[in-house]
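The values are calculated or read from the model by the stated rules, or taken from the named source; none is laboratory data. Note that the structure is predicted; figures quoted are calculated from it, not measured. Heads up, the Cβs are rebuilt from the backbone with ideal geometry, glycines too, and the neighbour counts pull from every protein chain shown.
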Amino acid sequence: MGKITGFLESTRELPKKRLVNDRIKDYKELYVPMSEEKKREQAGRCMNCGIPFCHTGCPLGNLIPDWNDLVYNGNWKEALHELHSTNNFPEFTGRLCPAPCEEACVLGINEPAVTIEETEKSIIEKGFAEGWVLPEPPESRSGKKVAVIGSGPSGLACAQQLNRAGHLVTVFERSDRIGGLLRYGIPHFKMEKWVIDRRLEIMEQEGIEFKTSVKVGTDLTKEDLDRDFDAVVFCGGATKSRDLPIEGRDLDGVHFAMDFLPQSNARVEGDDIAGRVASGDWQKELLATGKNVIVIGGGDTGSDCIGTSIRQGAASVENFELLPMPPVGRPESQPWPFWPMKLRVSTSHEEGCERHYSILTKRFHGEDGKLTGLETIQVEFETPEGGGRPQLKEIEGSEKVWPCEMAVLALGFLGPETDSIVSQYGCELDARGNVKVDSNWMSSTEGFFAAGDAQRGQSLIVWAISDGREAAVSVDEYLMGVPSELPRKLGTDLPRV
């Protein structure tokens, strides 16, 4: 342990954010880096717990106390090695993960938790700055070929691990750039895209082949994959958006979040949006400029839509959430170290947004086919006599019509798209419509594996990377017929749930 009394002497401190009036004028990342001295001080708050419960909150099994100690003592290169031993892409998780490890931090029982995520980001950025992050091509090749479908975090992690095992890996992506939701779902102000490109350059040098604008299932069929590859890993994500099928849904102005955000990201990347609309990539150009915007859905995707709308110059931004406002602190029903459902204020919320809870959208209003407003009613949830699931009840007299020229549906995702390559392989689905896999990550069709949200359902980036890594171990064993030398996370000998 670095500093035995660190947690007694220093309080939690995060990097300062750029001022709201400055940051909403661009799409640059929000935080101003701390000094190295401050970063080491924050790492020194780690308590060297007898049982480090931060591990229970981290799906990757990150060696958090180890690299906190190394950072405090200035051993940054060794910390990078420890971090990379469990996490292929700490530059992604250090920016985007909601940090369940921090909610499980022992110090967090009665003091502000250790800044685990920020330390993680500091380690990897120090590694890149010092030139320590280098390609790791395999010493030899197995001759086996693997197709990875989807280039989000699970696909990239799986590809990198399989490549390091010596297999020839090709990653297929239907979009025109690699990265999946990292590229087109996460706004630049949360993660600028050079962060992805920097990592992809290393992966290409390691020998991974990337092919974009390929729709697997149409451009590339089961017959093609069976002919050219020894195994297939489906990492297509949970990309089916949950809809809101109410009156007026077909009005011009009602859009899915995952139509709005990708187009915004492409615009920031410098794409000719009008040209892409003309070519059929998108139905129309989506801009919040000058409009009253209502984002329906109170999760992270909704928050991303809020920040994007503000930067595009929306006249106003409102956010609707069906559920009641959660408590500010940890509720008694969700004690430490469990992840608590408490009120969270994102940087986008800080930038100028009204949040409304316990509100149900009843219908969209429009004129001449265009959205002009929407109608809502307040609701409450009542538990039936004798217990059971709470039932939604509308509150009479609470109806309201809101002016709105753009409504963005950020209601979560229903699961993967399974009507193409998944159906061609005849894969069995689970009760939620995800690709069903066994304990070895293989689907009901031999040689066809699935990882990440495609088999788990909508989840966190850390779970996606973890799943990709674990699936790679099983694919390697399937191809070689012997136990894999790829690292397994501790506890993976236990049944998966």
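What are the residues in region 128-149 that are in a strand (DSSP E or B) and either more than 23 Å from residue 227 (Cα to Cα) or under 25 Å from the mean Cα position of the chain (by Cα) (or both), if any?
146, 147, 148, 149
Filtering region 439-490 down to residues that are within 14 Å of the chain's Cα centre (by Cα) and of a type in the set (Asp, Glu), which residue is surrounded by the most Cβ atoms within 10 Å (Cβ to Cβ)?
Going through the qualifying residues, I end up with 453.
Name the residue, out of 399, 405, 380, 375, that is surrounded by 19 or more Cβ atoms within 10 Å (Cβ to Cβ), of a type in the set (Asp, Glu) and at pLDDT 95 or above.
The unique qualifying residue is 405.
Can you run down the residue pairs with Cβ atoms below 6 Å, 6 or more apart or on separate chains, where the first is in region 376-400 and among the acidic types (Asp, Glu) and the partner is part of a loop (DSSP other than H, G, I, E, B) and surrounded by fewer than 10 Cβ atoms within 10 Å (Cβ to Cβ)?
none
Only one of (1) buried (at least 19 other Cβ atoms within 10 Å of the Cβ); (2) in contact (Cβ under 8 Å) with a residue 40 or more places away in the chain; (3) assigned by TED's automatic domain parsing to the domain that holds residue 33 is not met by residue 126, so which one is it?
Failed condition: (1).
Read through the list (1) in a strand (DSSP E or B); (2) out of contact with any strand residue (DSSP E or B) (no Cβ under 7 Å at 6 or more places or on another chain); (3) of a type in the set (S, T, N, Q), then give the number of the only condition that residue 319 fails.
The one condition residue 319 does not meet is (2).
Yes or no: region 425-432 includes at least one residue that is modelled with pLDDT under 95, out of contact with any Phe, Trp or Tyr (no Cβ under 7 Å at 6 or more places or on another chain) and of a type outside the set (D, E, K, R).
Checked against the condition, which is being modelled with pLDDT under 95, out of contact with any Phe, Trp or Tyr (no Cβ under 7 Å at 6 or more places or on another chain) and of a type outside the set (D, E, K, R), region 425-432 yields no hits at all.
Which of the residues spanning region 450-493 are touching a Pro at 6+ places or on another chain (Cβ under 9 Å) and of a type in the set (A, V, I, L, M, F, W, C)?
450, 454, 460, 461, 462, 463, 464, 465, 473
Only one of (1) at pLDDT 95 or above; (2) closer than 30 Å to residue 260 by Cβ; (3) within 24 Å of the chain's Cα centre (by Cα) is not met by residue 436, so which one is it?
Among (1) at pLDDT 95 or above; (2) closer than 30 Å to residue 260 by Cβ; (3) within 24 Å of the chain's Cα centre (by Cα), residue 436 violates only (2).
What are the pairs with Cβ atoms under 6 angstrom where one residue, in region 87-99, is basic (Lys, Arg) and the other, located anywhere, is in a helix (DSSP H, G or I) and surrounded by 24 or more Cβ atoms within 10 Å (Cβ to Cβ)? Sequence gap at least six, or different chains.
So the pair list comes out empty.
Can you report the number of residues in region 271-323 which are in contact (Cβ under 8 Å) with a residue 40 or more places away in the chain and among the basic types (Lys, Arg)?
Total meeting the criteria: 2.
For residue 31, are the conditions met, namely being without any contact (Cβ under 8 Å) to a residue 60 or more places away in the chain and among the hydroxyl-bearing types (Ser, Thr, Tyr)?
Yes: the conditions hold for residue 31.
Residue 249 - would you say it is surrounded by fewer than 20 Cβ atoms within 10 Å (Cβ to Cβ), among the basic types (Lys, Arg) and in contact with a Leu (Cβ under 8 Å, 6 or more places away or on another chain)?
So residue 249 does not fit the description; no.
This table checks each residue for (1) modelled with pLDDT of 95 or more; (2) part of a helix (DSSP H, G or I); (3) within 29 Å of residue 449 (Cβ to Cβ).
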position	(1), (2), (3)
204	yes, yes, yes
210	yes, no, yes
233	yes, no, yes
255	yes, no, no
282	no, no, no
304	yes, yes, no
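Looking at region 263-273, can you tell me whether even one residue there is among the basic types (Lys, Arg) and either touching a Cys at 6+ places or on another chain (Cβ under 7 Å) or assigned to a loop (DSSP other than H, G, I, E, B) (or both)?
no
Of the conditions (1) in the same structural domain as residue 196 (by TED's automatic domain parsing); (2) in contact (Cβ under 8 Å) with a residue 24 or more places away in the chain, residue 426 satisfies every one except a single condition; which number is it?
If we test residue 426 against (1) in the same structural domain as residue 196 (by TED's automatic domain parsing); (2) in contact (Cβ under 8 Å) with a residue 24 or more places away in the chain, just (2) comes out false.
Within region 293-310, work out how many residues are over 16 Å from the mean Cα position of the chain (by Cα) and crowded, with 24+ Cβ neighbours inside 10 Å.
8
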